[in-house]
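*Asks:* Quick one: structure below, then a few questions.
The values are calculated or read from the model by the stated rules, or taken from the named source; none is laboratory data. Not measured: the values here are computed from a predicted model. Positions of Cβ are backbone-derived with ideal geometry, glycine not excepted, and every protein chain shown enters the neighbour counts.
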Amino acid sequence: MFNRCKKNFGAHKIGLAIVFFASLLGTLLGLIPPYLTGSLITDISRMEKIQIISNKCLILILLFFLSQLLNISSGIVGTKVGTEIAKEYNCEIIFHVQSLSYLFLQQQNKAALNQAINQDANTIVGFYVNVLINVLRQGILFIVLLIVCYVISPEMSAILIISTLLYVAIYISTKRILLQKRRKLRNTENDFFAKLFEQLEYDYFIKSNAIENAFRQRLNPAFDKLLHARVEDSTTRLLISFAQGATTTFTQCAVILLGGLASFRRKSYYRYSADFF
């Protein structure tokens with residue numbers, strides 16, 4: 001399915017490029033305010049001239065509006081491009097289904113098939129427009145942060161690399177399980193909503209034969225499967241989130257300990273120098 005939609009994305013490559021570069025530039029601009037804020041705090045503590053402080057405050061405000069303008073622009077363009085690609089891809093799949101044999105189509109549940117087509121198309125479009133662009137953007141951001149951390153402290157960059165490798169290990173080890181749970185959830189959703197749609201599609205037949213209860217009973221097993229699949233999917237995601245949160249906490253503690261150790265060493269050096277002289 002990914003190969004079938006490549007031409008759809010190729011037709012909108014300019015819009016996708018605008019989304020990527022606008023979001024990347026907005027993200028990179030977001031790295032400047034924390035540094036500028038720290039510099040402002042230092043200036044205030046040192047009682048610097050009010051002109052210097054006001055100039056930096058003005059730069060902060062300009063950076064905020066510029067980054068928000070870029071983020072809003074990339075969001076609007078991304079929504080427009082994603083919706084157009086999803087519509088084109090949905091139409092192509094439906095036209096392909098219409099070309100299949102009549103016997104095959106008669107054997108399919110139309111509601112479940114329509115649900116599957118919409119979900120698959122939206123998943124693929126969402127992957128390309130959102131996930132893939134975010135991965136590329138975050139990858140470039142990671143390289144920039146790694147360089148900055150190495151300049152500040154090589155030990156801090158080592159911690160960043162180790163934590164990233166842990167995140168990658170968590171993703172690789174849980175990717176297959178998460179994919180299986182999502183596939184199971186999607187199939188049970190398609191089945192449940194198909195049976196739910198039957199209540200309206202066969203409304204005349206149900207009323208004519210007074211079999212409302214029988215059709216309603218068909219919903220219960222489908223709902224039980226859907227509930228079980230959603231609980232499994234939610235549990236898996238929560239466990240993965242726990243592992244990622246633990247990695248983040250340990251990384252933060254390591255950075256704090258590293259900063260405290262560096263401060264202690266600096267104080268010890270100053271104390272030794274004062275005693276020596």
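*Asks:* Collect the residues in the stretch 126-137 that are surrounded by 13 or more Cβ atoms within 10 Å (Cβ to Cβ) and not small (Gly, Ala, Ser), keeping them in residue-number order.
*Replies:* Of everything in the stretch 126-137, those that are surrounded by 13 or more Cβ atoms within 10 Å (Cβ to Cβ) and not small (Gly, Ala, Ser) turn out to be 127, 128, 129, 130, 132, 133, 134, 136, 137.
*Asks:* Just to check your reading of the model, which residue among 109, 90 is surrounded by fewer than 18 Cβ atoms within 10 Å (Cβ to Cβ), at pLDDT 75 or above, within 24 Å of residue 184 (Cβ to Cβ) and not assigned by TED's automatic domain parsing to the domain that holds residue 186?
*Replies:* Only one candidate qualifies: 90.
*Asks:* Confirm whether residue 40 is within 28 Å of the chain's Cα centre (by Cα) and under 30 Å from residue 138 (Cα atoms).
*Replies:* Criteria not met by residue 40.
*Asks:* Test of understanding: among 72, 53, which residue is part of a helix (DSSP H, G or I), out of contact with any helix residue (DSSP H, G or I) (no Cβ under 6 Å at 6 or more places or on another chain) and over 30 Å from residue 105 (Cβ atoms)?
*Replies:* Criteria check complete, one pass: 72.
*Asks:* Okay, next question. Determine which member of the set 21, 64 is closer than 30 Å to residue 128 by Cα, over 21 Å from the mean Cα position of the chain (by Cα) and either at pLDDT 80 or above or charged (D, E, K, R) (or both).
*Replies:* Going through 21, 64 in turn, just one is closer than 30 Å to residue 128 by Cα, over 21 Å from the mean Cα position of the chain (by Cα) and either at pLDDT 80 or above or charged (D, E, K, R) (or both): 64.
*Asks:* Output yes when any residue across the stretch 160-172 is small (Gly, Ala, Ser), outside the structural domain of residue 223 (by TED's automatic domain parsing) and loosely packed, with under 14 Cβ neighbours inside 10 Å, and no when none is.
*Replies:* No: the stretch 160-172 contains no residue that is small (Gly, Ala, Ser), outside the structural domain of residue 223 (by TED's automatic domain parsing) and loosely packed, with under 14 Cβ neighbours inside 10 Å.
*Asks:* Between 175, 181, which is in contact with a helix residue (DSSP H, G or I) (Cβ under 9 Å, 6 or more places away or on another chain) and modelled with pLDDT of 80 or more?
*Replies:* Answer to the check: 181.
*Asks:* In the stretch 35-75, how many residues are surrounded by fewer than 13 Cβ atoms within 10 Å (Cβ to Cβ) and among the small types (Gly, Ala, Ser)?
*Replies:* Going through the stretch 35-75 one residue at a time, the tally reaches 3.
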